[in-house]
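Student: Handing you a structure now.
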Amino acid sequence: MSSDTKFHVHHDAPEVVGRRERLGVRILIVADASFVFAMVFSYFYLRNLNTNGGWIPKDGHTFSVASGWVVVLPLIVGAILHKIGQRNLKTIGTISIITLVVYLYGLYYQIHQIMNMPFIVKDTGGFEGAYASSWVLIAGANAFHYIIASFLALGLVIRARRANVDPTLEKWRMRTAASWFTWIAISGVICAITTGIM
Amino acid sequence: MTTLSSHVSSRPIPNPKNSLITKLNAGTGLIVGVVFAVATYNLLKGENEDPGIAYNIHNRALLAAMFMWSIGFLVGIGAFIGPWRWLIGKDLTAEEQLYLAGDGQGIKRYFKYCTDHKVVGIQYLWGVITLLGVGGAMAMMIRTNLAAPGGHFITASVYNSLVGLHGITMIIAMIIVATGPFGNYIMPIMIGAADMAFPRLNALSWWVLFTAIPVLCSAWFLGGIPTGWTAYAPLSIQAGPGMNAFIATIIIFAVSTAVAGSNITATVIAMRAKGMTWNRVPIFVIGATISVALAVPAFPTFMVSMIMTALDRTYMTGFFDANIGGSGWLYAHLFWIMGHPEVYVILIPGVAVLMEIVPVFVRMPLFSYIGAVVGFAGIAGLSILVWAHHMYMSGWMPMLNGPFMVTTEMISIPTGLIFLVMLGTLWHGKPWLKLPMLGVYAFLWNMLVGGITGIYLSDVPADNYLHGSMYVTAHFHYTLMGAALTGAVAGLAYWFPKMTGRMLNERAGYVSFWLIQIGFQVLYLGMFTAGAEGQPRRVVNYASQFATANRISTVGAYLVGTGFVVLLWAVVHSWRHGKIAPMNPWGAKSLEWTVPYPVPLVNFDTPPVVTSDPYGYGKAVK
């Protein structure tokens, strides 16, 4: 935060503002968790229903279990790195850069997977079955999580290099970002477990 | 707490006139939004020899254009300046924040990205009025066509679209009808806060919602939506391009709801005045918070179902296509997991408004505050366990019909508690029969009818007969319109003096109240009769045996319509020429009545300290 804005609109203490922001993000995480729940519910619902044997049709393609975990790994590493950075504020600038790179790599890998998914029917351009449909939705949600995480990590990198930010409020904002990073790592693990059960 | 104005004047600050935020408004938003939408459509529209694939590409381009309109508008109005400035480490200055709060900008601030919660409240109010007006006009067209069998007022396809668009327009309007205007304008003052927890998110929730309105309206020009507001798959997959507008509207609206829900909840949890312990929080605030806390996890499931529908329509995924492993039941589940809590997202704030009103106008404390809170929480908690009662007749898991019937009927218990609290408060009181108080009596009757008819529908054997009939339509109108909308209108009459500085024209208010309430009974009791006799809903034509009931319903609809026109006149006329309101015209004890009109930018000159509950009018009724 620049020196001009040390005077928050409500003139509340940075701790109060920070705690409030973290609360807001946690409530938004509830909404996102509901989104993830709906995707996982849909995945298992369609899998168990297997309408007309169309979950994974004969000769249908799937992603390996490992590929799901490879996508999730940067989410977990990013969350851990951020936690380490929080403990030692002197290194936060460097650690934030590494976190950003990790998230960007995860985003790239997820998009690469989506662009090269094997289950598009060549004649129609449509999807092979319900597994393929559910997979792409989950992959899209992962990509969305990566985009938000990259934005936050980039902000933390830039702000760590500015001398005029309020250190107390910044510390709270890192905690707020940590809430999101931790949640998307958990969500990633849930999604990896889900797509691993074919 | 130091007020913004005092600390701003105490230090040198840059001139915000040099800032980009001073140059942006709804006009620039409109321009950028349209440019984004047109550019996106032209970029993505493509041709393909296969008409099926060409149609999918067209749908993709349309959907993308609708989302880009929304994003473009938000860019153009300046919604992303805050996040951008955060990203680059140059936070908004105090003066820029003051400018964003709309200080001293008069009527212009209503067309800007204004962060003042009072401005956002008024924006929501007019948004609600507009949506109710459009939805109401569609209802009048539907009823006009149904006035006699074989009605030719509109064609069958237009009728189909009207039913769906009326439904979704009204649902959106009703979700925001109380929490939008009063949750934003009044609630922060009620809890003694200077503003909402996240003023920029507050503005964002309104303007995101605003961008959904033209998208929804565009459905008219894209062939309408033939699916009803439930948009069941696979109908929605096969529907024409107008369906894209529906999908985009829901997704945009879900974003707005999540943002608003997070903001309202955080505000109530974190920004209550000193001394405002949880048992001193006004009951409207409790109701609104429970409502948005229910909406936050409920709407994402609807969002997921809409994303799936969009993917099925544009990329030929198979979520709902049984040929490739999909299932229509999946849509029904996702929709109703949201759909039933959504009923209470609508209902609870309206009822909470009335509970706020009763103690003031009978000069008695709220009978069992704890009972009211438990009632609201019980309704919210049970509402997530009842969704499959909408699917009794779908053939999904008949063995679960019994358990879902039980959970549904259990909702009667917390609902009964709400009734008990209202009646207990009225008991031995001497009601001051002003306009807001009339809404309480109307609610008690309407909710009684709506609630009891709901028990029949929750009952599997009775639902077997009544499902899909006009009876269902009459039932949910009794609860949503008869209870929730009545509560919101009573709230408007109650808080009108605080929001406008003037009294609502009482005579016109009474005329509109009686027209609406008498018309309402005529309209929906007629509909109950037709439904009980077997008339299906959502049909453009019907057998002559239902003619009398339908004619009566249409007469009732015109009475209701006339009543709302009178109410609109009363609102507009009173806003401009009404009697100047005193600071506390009702002698109420909650905090919003301790501030003058116009309410100062930060609401209170000195932070209030709460020492008692807001309903201490006399002895509690035992």
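The values are calculated or read from the model by the stated rules, or taken from the named source; none is laboratory data. Quantities reported herein were computed from a predicted structural model and do not represent experimental measurements. Here the Cβ positions follow ideal geometry from the backbone for every residue, glycine too, while neighbour counts run over all protein chains shown.
Student: Of everything in segment B:576-593 that's under 21 Å from B:T611 (Cβ atoms) and not hydrophobic (A, V, I, L, M, F, W, C), which residue is surrounded by the fewest Cβ atoms within 10 Å (Cβ to Cβ)?
Tutor: Filtering first and then ranking leaves B:G587.
Student: I've got another one for you. If I ask for residues that are more than 7 Å from chain A (Cβ to nearest Cβ) and within 19 Å of B:I251 (Cβ to Cβ), which ones from segment B:316-325 would you list?
Tutor: Here is the first cut: in segment B:316-325, the ones more than 7 Å from chain A (Cβ to nearest Cβ) are B:320-321.
Hit for segment B:316-325 is B:F320, nothing else.
Student: Tally time: how many residues in segment A:30-63 are more than 9 Å from every other protein chain (Cβ to nearest Cβ) and more than 17 Å from A:F119 (Cβ to Cβ)?
Tutor: Residues in segment A:30-63 being more than 9 Å from every other protein chain (Cβ to nearest Cβ) and more than 17 Å from A:F119 (Cβ to Cβ): 3 in total.
Student: Moving on. B:G371 passes all but one of (1) modelled with pLDDT under 95; (2) surrounded by fewer than 19 Cβ atoms within 10 Å (Cβ to Cβ); which number fails?
Tutor: With respect to (1) modelled with pLDDT under 95; (2) surrounded by fewer than 19 Cβ atoms within 10 Å (Cβ to Cβ), B:G371 is out only on (1).
Student: Now, a different point. Anything in segment B:80-94 that is more than 8 Å from chain A (Cβ to nearest Cβ) and either in contact with a His (Cβ under 8 Å, 6 or more places away or on another chain) or crowded, with 21+ Cβ neighbours inside 10 Å (or both)? List them, or say none.
Tutor: Correct list: B:G82 only.
Student: Which of the residues that make up segment B:125-163 are buried (at least 16 other Cβ atoms within 10 Å of the Cβ) and under 17 Å from the mean Cα position of the chain (by Cα)?
Tutor: Residues satisfying the conditions are B:L125, B:G127, B:V128, B:I129, B:L131, B:L132, B:V134, B:G135, B:G136.
Student: Taking segment B:309-321, which residues are assigned to a helix (DSSP H, G or I) and either free of Cβ contacts under 8 Å to residues at least 40 places away in the same chain or under 16 Å from the mean Cα position of the chain (by Cα) (or both)?
Tutor: In the first step, residues of segment B:309-321 are kept if they are assigned to a helix (DSSP H, G or I); the result is B:309-314.
If the condition is that a residue be assigned to a helix (DSSP H, G or I) and either free of Cβ contacts under 8 Å to residues at least 40 places away in the same chain or under 16 Å from the mean Cα position of the chain (by Cα) (or both), then B:L311 is the only one that fits.
Student: Assess whether B:L311 counts as being at negative phi, within 13 Å of chain A (Cβ to nearest Cβ) and at pLDDT 95 or above.
Tutor: Working: at negative phi: yes; within 13 Å of chain A (Cβ to nearest Cβ): yes; at pLDDT 95 or above: yes.
So B:L311 fits the description; yes.
Student: What tally of residues in segment A:106-138 results from selecting those that are within 16 Å of the chain's Cα centre (by Cα), of a type in the set (G, A, S) and either within 12 Å of another protein chain (Cβ to nearest Cβ) or more than 19 Å from A:S64 (Cβ to Cβ) (or both)?
Tutor: Total meeting the criteria: 0.
Student: Taking A:E170 and the conditions (1) over 16 Å from A:A79 (Cβ atoms); (2) without any contact (Cβ under 8 Å) to a residue 60 or more places away in the chain, which numbered condition does it fall short on, given that it satisfies the others?
Tutor: Condition not satisfied by A:E170: (2).
Student: Inspect segment B:543-550 for any residue being under 30 Å from B:G275 (Cβ atoms), at pLDDT 95 or above and out of contact with any helix residue (DSSP H, G or I) (no Cβ under 8 Å at 6 or more places or on another chain) and give the result as yes or no. Outline the logic, then answer.
Tutor: Just the residues of segment B:543-550 that are under 30 Å from B:G275 (Cβ atoms), to begin with: none.
No - not one qualifying residue is present in segment B:543-550.
Student: Identify, please: which residue in segment B:58-90 is hydrophobic (A, V, I, L, M, F, W, C) and free of Cβ contacts under 8 Å to residues at least 24 places away in the same chain and is, among those, farthest from B:R109 (Cα to Cα)? Full working, then the answer.
Tutor: Looking only at segment B:58-90, we keep the residues that are hydrophobic (A, V, I, L, M, F, W, C), and these are B:61-69, B:71, B:73-75, B:77, B:79-81, B:84, B:86-88.
Among the residues that remain, those that are also free of Cβ contacts under 8 Å to residues at least 24 places away in the same chain are: B:61, B:80, B:84, B:86-88.
Details: B:A61: 34, B:F80: 17, B:W84: 22, B:W86: 23, B:L87: 26, B:I88: 27 Å.
The extreme case among them is B:A61.
Student: Right, here's the next one. Of the residues A:L100, A:L23, A:L75, which is within 14 Å of chain B (Cβ to nearest Cβ), part of a helix (DSSP H, G or I) and buried (at least 21 other Cβ atoms within 10 Å of the Cβ)? It would help to see each step written out before you state the result.
Tutor: Details: A:L23 fails: buried (at least 21 other Cβ atoms within 10 Å of the Cβ); A:L75 fails: within 14 Å of chain B (Cβ to nearest Cβ).
Matching residue, one of A:L100, A:L23, A:L75: A:L100.
Student: Would you mind finding the one in A:K90, A:K58 that is under 30 Å from A:R173 (Cα atoms), surrounded by fewer than 19 Cβ atoms within 10 Å (Cβ to Cβ), without any contact (Cβ under 8 Å) to a residue 60 or more places away in the chain and of a type in the set (K, R)? Walk me through it before giving the result.
Tutor: Values: A:K58 fails: under 30 Å from A:R173 (Cα atoms).
Only one candidate qualifies: A:K90.
Student: Turning to a different aspect of this structure: Which condition number does A:M198 fail, the rest of (1) part of a loop (DSSP other than H, G, I, E, B); (2) in contact with a Pro (Cβ under 8 Å, 6 or more places away or on another chain); (3) of a type in the set (A, V, I, L, M) being met?
Tutor: Tallying (1) part of a loop (DSSP other than H, G, I, E, B); (2) in contact with a Pro (Cβ under 8 Å, 6 or more places away or on another chain); (3) of a type in the set (A, V, I, L, M), A:M198 fails exactly one: (2).
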